[in-house]
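Trainee: One structure, as structure tokens, below. Some questions next.
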Amino acid sequence: MKTAIKLAYRNLIGAGLRTWLNVIVLSFSFVVIIWMKGILVGWDRQAKSDMISWEIGDGQYWHKTYDPFDQFTLQDAHAPIPPAFKAGIKNGDMLPVLISQGTIYPEGRMQSVLIKGIDPGQDILNLPTQKLDTTPDIIPAIIGTTMARTSRLKVGDHVTLRWRDANGTFDATEICITNIFKTNVPTVDVSQVWIPLETMQSMLLMPDEATLFTIRDSETTQPASENYKFMPVKTLVADLESMIKTKSVGQSIFYVVLLLLALLAIFDTQVLSIFRRQKEIGTYVALGYTQKQVVWLFTIEGAMHAILAAVVGAIYGIPFLIWQAKTGWALPVETSDYGFAIAETLYPVYSVGLVISTMLIVMLATAIVSYWPSRRIAKMNPTEALRGKLQ
Amino acid sequence: MDHSIIQIEKLTKSFPMGKSKFTALYGIDLSFGEGEFAGFIGPSGSGKTTLLNIIGSLDVPTTGNVLVLGNSVGELTAKQAARLRKESLGFIFQSYNLLAVHTVFENVEFPLLLLKYSTSERRNMVMDALAWVGLTDKVKSKPPQLSGGECQRVAIARAMVKRPSLVLADEPTANLDAANSHNILQTMVKLNRDLKTTFLFATHDEKVIGYLRRKVYLLDGKIDKDEVLSN
Ligand SMILES: Nc1ncnc2c1ncn2[C@@H]1O[C@H](COP(=O)(O)OP(=O)(O)OP(=O)(O)O)[C@@H](O)[C@H]1O
Ligand SMILES: [Mg+2]
């Protein structure tokens, strides 16, 4: 084995340019796979941590009929705040939010929105709710940048808001945009208007009612209630996770193609060398190798491309990957239209497992394409190989 | 017969040729003793290479028996045949068959890598073998940088380095000029004398024939004449 590795190494290096071309192409696969997977891991982490800090905290209690994807049940998805929750709300560990449908009329146009009532003094979420504390004479509202763009509202703008109260009666009033916040989480931004909770409760004739509660720490606060069911973080990010998984499938097609190209080059090299090096193969046999050992020799030689590629890939890949992790990768598209949490710049995160599994996969694949054509050697007639007459 | 290292009995060898077959060797009976310096002589196509390959366990008899150093060539497994070649046989080819990307030293070292020698043992043996052929100053060269004569001397060193009992040389001088041919033949004569290695040639080169002490003439796959020179 040691001899075979030594020989294979000499043969491979001796082959010169061709080897290095294969190695460079293969090293691209290494770096690109690690980079792309790292981007996904980084995105997954960023999206989850953004969701946690902007929307879901350490879990939420949802009103039993609340379904964020169903506008019709939203009308009924509210109930009086359960007494068991009062203490948590008082010391700031639980954050009630009331949600209802509404319509705004910016510049005479009509746009339907979700009105969300939130406590201006909360500090569980990153939302700049303190800005809801500023204007006493008119209802203050904060919106995200995407909402601001679609409605063309600016800070200080007044706009008419219309809603239906608990009795089904329509009512309308002016609100004033006091802040426009920037977030990566579209579910707190797109088509949403945040106003003070108490104001909203009185507007809707739903005193002391809420749709959901965001909690600060699931370890400490877990009171039970029949109207509300607890949604742990894991459940709340499940959609995001499955979406990222879908993305990763699409993404892997890209690097599978890249890897296949590299493997094809190695396969081609193997087929060619087995054809061109018949005399050499015959010589190995004459000098005392069995043909099976020669198969191994050629397999090791081909598989060694992957090892050299790992080394070459490391030379330019490690600086590149570190640089990417530091400066991030700016997405080339307008991210807020994605409809899910994605930052404009993604910071790839690489794990040891990712690097090792990538290496193993690439090495295994290289070994297989090296072995496949080499099997022919075992069937060669050594005397014909020595004469170099095989087709 | 006591010291015979090769015994060939009723050997025939035929190759499939489309639907029929082509017989390259007919009813060969021969034996060679230790330390012989012998050759198969004959025109092109007479079966010299075929016979040498069977003796070298690179090919098998169609019928008959070939015993090489106590091994019946037709009955060896691939592993046993490889072991016989690795331990006891040396090959010299018309076109040298050196490994082009390896240095002279590495080429000569190769057969030793398959046997269990330590690095220092290998080094000494390689340097000895290169001394026999007068190439100690070219250890770091690679075959493409050497002349044909030098290449064949490296090939001889490679065949001899493990001190095999039997060396098989197929047209070793075919690509060499007269001076180089004589040079390598004299080297082989000397090794035959000093190390008692048996040499078997396949050739139609008069220069080679002049050095042989036993000449086995082949014609159309049959033994035509078997001349042994008495010293
Ligand atoms: N693998 C093979 N298949 C078919 N025929 C073969 C094969 N090997 C050799 N032969 C035939 O057997 C005969 C003897 O071939 P061999 O190579 O032994 O001749 P040779 O005496 O070495 O000739 P040369 O001096 O040209 O090397 C030739 O007619 C050759 O065509
Ligand atoms: Mg021949």
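Nothing in this text is a laboratory measurement; each read-out follows from the coordinates by a stated rule. Remember, it's a predicted structure, so these values are computed and weren't measured experimentally. For neighbour counting, all protein chains shown are included, and Cβ atoms are generated from backbone atoms with ideal geometry for every residue, glycine included.
Trainee: For chain A, what is the calculated [θ] at 222 nm in deg cm²/dmol (nearest 500), taking -39500 (n - 2.57) for each run of four or more DSSP H residues and dividing by its residue count? Working shown, then result.
Mentor: On the way: 12 runs with 197 residues, N = 391.
About -17000 deg cm²/dmol.
Trainee: Taking the Cα atoms only, what angle lies between the long axis of helix B:119-132 and the longest principal axis of chain B, rounded to 10 degrees?
Mentor: Once rounded, one gets 70 degrees.
Trainee: For segment B:213-231 and segment A:204-254, what is the centre-to-centre distance using only Cα atoms, to the nearest Å?
Mentor: 95 Å
Trainee: Further, regarding this structure: Using only DSSP helix segments of four residues or longer, with each worth -39500 (n - 2.57), what per-residue ellipticity at 222 nm results for chain B after dividing by its residue count and rounding to 500?
Mentor: Working: 7 runs with 80 residues, N = 231.
Helices in chain B give a 222 nm mean residue ellipticity of -10500 deg cm²/dmol.
Trainee: Which lysines have a Cα less than 16 Å from the Cα of A:LYS154, not counting those fewer than 8 places away in the same chain?
Mentor: A:LYS131, A:LYS182
Trainee: Straight-line reach only, C-alpha to C-alpha below 20 angstrom: list the lysines that B:LYS222 could link to, leaving out same-chain residues fewer than 8 apart.
Mentor: Hits, sequence-local ones excluded: B:LYS10, B:LYS13, B:LYS21, B:LYS48.
Trainee: Something else now. Give me a single rounded figure for A:279-286: the average over its residues of other chain Cβ atoms within 10 Å of their Cβ. Could the numbers behind the result be given before it?
Mentor: Working: counts 4, 5, 0, 4, 9, 5, 8, 16.
What the average comes to for A:279-286 is 6.
Trainee: Taking the mean number of other Cβ atoms within 10 Å as a proxy for protection, how do you rank B:95-101, A:267-273 from highest to lowest?
Mentor: On the way: B:95-101: 20.3, A:267-273: 17.9.
Result, highest mean first: B:95-101, A:267-273.
Trainee: If you don't mind, another one. Taking the Cα centre of segment A:164-252 as origin, sum charge times position over the Cβ atoms of Lys and Arg (+1) and Asp and Glu (-1), and report the length of that vector in debye to the nearest 20.
Mentor: Values: 7 positive and 12 negative charges, 114 e Å.
The dipole of segment A:164-252 has a size of about 540 debye.
Trainee: Just to be sure I understand the model, the point goes 7 Å from the Cα along the line to the Cβ. What's the resulting B:HIS182 to A:GLN111 distance in nm?
Mentor: Between B:HIS182 and A:GLN111, the simple spin-label model gives 10.4 nm.
Trainee: A further question on this structure: Determine the shielding of peptide A:380-389 by partner chains: average, over its residues, the number of Cβ atoms on other chains within 10 angstrom of each Cβ. Walk me through the numbers on the way to the answer.
Mentor: Numbers: counts 0, 3, 9, 8, 2, 1, 10, 4, 2, 0.
Mean shielding by partner chains, rounded to a whole number: 4.
Trainee: In addition: Averaged across A:287-300, how many Cβ atoms of other chains sit within 10 Å of each residue's Cβ atom? Provide the component values of the computation, followed by the final result.
Mentor: Values: counts 15, 16, 5, 9, 2, 3, 4, 1, 0, 0, 0, 0, 0, 0.
The shielding value for this peptide is 4.
Trainee: Let me ask something additional. Relative contact order (percent) for chain A, with alpha-carbon contacts under 8 angstrom and 6 or more residues of separation?
Mentor: Details: 662 pairs, mean separation 104.8, N = 391.
Relative contact order, chain A: 27 percent.
Trainee: Now for a separate question. Between B:LEU229 and A:ALA15, what FRET efficiency follows from the Cβ-Cβ distance if R0 is 45 Å, with the result rounded to 0.05? Could you put the intermediate results ahead of the total?
Mentor: Details: r = 48 Å, r/R0 = 1.06.
Once the sixth-power term is evaluated, E becomes 0.40.
Trainee: Whole-Hz Karplus ³J(HN,Hα) for segment A:58-66, in order, using 6.51 cos²θ - 1.76 cosθ + 1.60 and θ = phi - 60°, x for Gly and Pro?
Mentor: 9, x, 9, 9, 10, 4, 4, 9, 5
Trainee: Cβ neighbours within 10 Å, averaged per peptide: list A:306-313, A:8-15 in order, most packed at the top. Show your work: numbers first, answer last.
Mentor: Numbers: A:306-313: 21.1, A:8-15: 17.2.
Taking the mean over residues of other Cβ atoms within 10 Å, the ranking is A:306-313, A:8-15.
Trainee: What does the highest-first list of A:201-208, A:140-147, A:181-188 look like by mean Cβ count within 10 Å? Walk me through the intermediate numbers first.
Mentor: Details: A:201-208: 16.4, A:140-147: 23.6, A:181-188: 20.8.
Ranked from most to least packed, the peptides come out as A:140-147, A:181-188, A:201-208.
Trainee: DSSP H helices in chain A with Cα extent of 20 Å or more along the helix axis and mean Kyte-Doolittle hydropathy at least 0.5?
Mentor: Details: long enough: A:17-51 (50 Å, 0.80); A:238-276 (55 Å, 1.15); A:291-327 (52 Å, 0.99); A:352-379 (41 Å, 1.23).
Counting only whole DSSP H runs, the qualifying helices are A:17-51, A:238-276, A:291-327, A:352-379.
Trainee: Averaging sequence separations of C-alpha pairs under 8 Å and six or more residues apart, then dividing by the length of chain B, give the relative contact order as a whole percent.
Mentor: 28 percent
Trainee: Can you grab the distance from the C-alpha centre of segment B:1-29 to the C-alpha centre of segment B:56-78, Å, no decimals?
Mentor: 10 Å
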